Amino acid sequence: MEKSDDYVMLSALQHFVYCPRQFALIHLEQVWQENIYTLRGMRVHERVDTPTHELIEGVRVERSLHLVSHTHQLRGIADVVEFLSDGTPYPVEYKVGARKAKDADKVQLCAQAICLEEMFGREVPRGALFYHKSKRRLEVEFDEGLRSLVTDAVRGVQALWESQVMPSPVADARCDNCSLAEACMPHSLRGFGKNFDRNDVFRIELEN
């Protein structure tokens, strides 16, 4: 997250909705660790991370398109934006794994749509998530409920950044494939309380 201008990165929204502690470790503590899932993710994004544009069967396709919404204080990069025959932007976000139960991916995609609406001055009613594991798209409608989740997530990210308080670990199924499990120590810290200071982590390490 770029604190210099208080704009929230689109990827940070996904991290926050999936797990606030994951967001804090990455964006507050600057912690990042590779595992097989992050490496697969980089491989999947190799093509879409290169800024290009082309015409495919009459559809204009933009890859790695920079996005911004000054109204909602959002910025980031869209993997792919397809422009339909009438000029309507259609964002497509690439994900390495399988479809997730939480709405983190949908929130990230909807935030891209909100940026596109402001940039191009037209409604973006839907987009798609492409899951590499299934090789299929999941079309997502950007209804009011999902747009509200985006707004709430932006506020949550900004509030967490201002407080600098590390959220407690969730210690659930989300932790199984998380590359930050070793740094997070979810099961060791699960019963410590709702929120805690980073110094508490050092004390627990010493006690163990």
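The values are calculated or read from the model by the stated rules, or taken from the named source; none is laboratory data. This structure is a prediction, so every number in the text was calculated from the model and none was measured. Positions of Cβ are backbone-derived with ideal geometry, glycine not excepted, and every protein chain shown enters the neighbour counts.
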Inset, instruction - Any residue in the stretch 45-69 that's surrounded by 12 or more Cβ atoms within 10 Å (Cβ to Cβ): show its pairings with residues that are acidic (Asp, Glu) and at pLDDT below 75 at Cβ separation under 9 Å, as long as the two are six or more apart or on different chains. - result: Arg63/Asp49; Ser64/Asp49
Legend entry - Condition broken by Val165, with the remaining ones in (1) modelled with pLDDT under 70; (2) touching a helix residue (DSSP H, G or I) at 6+ places or on another chain (Cβ under 9 Å) satisfied: (1)
Legend entry - In the stretch 56-82, the residues that are touching a Pro at 6+ places or on another chain (Cβ under 6 Å), at pLDDT 95 or above and farther than 21 Å from Thr151 by Cα: Val81
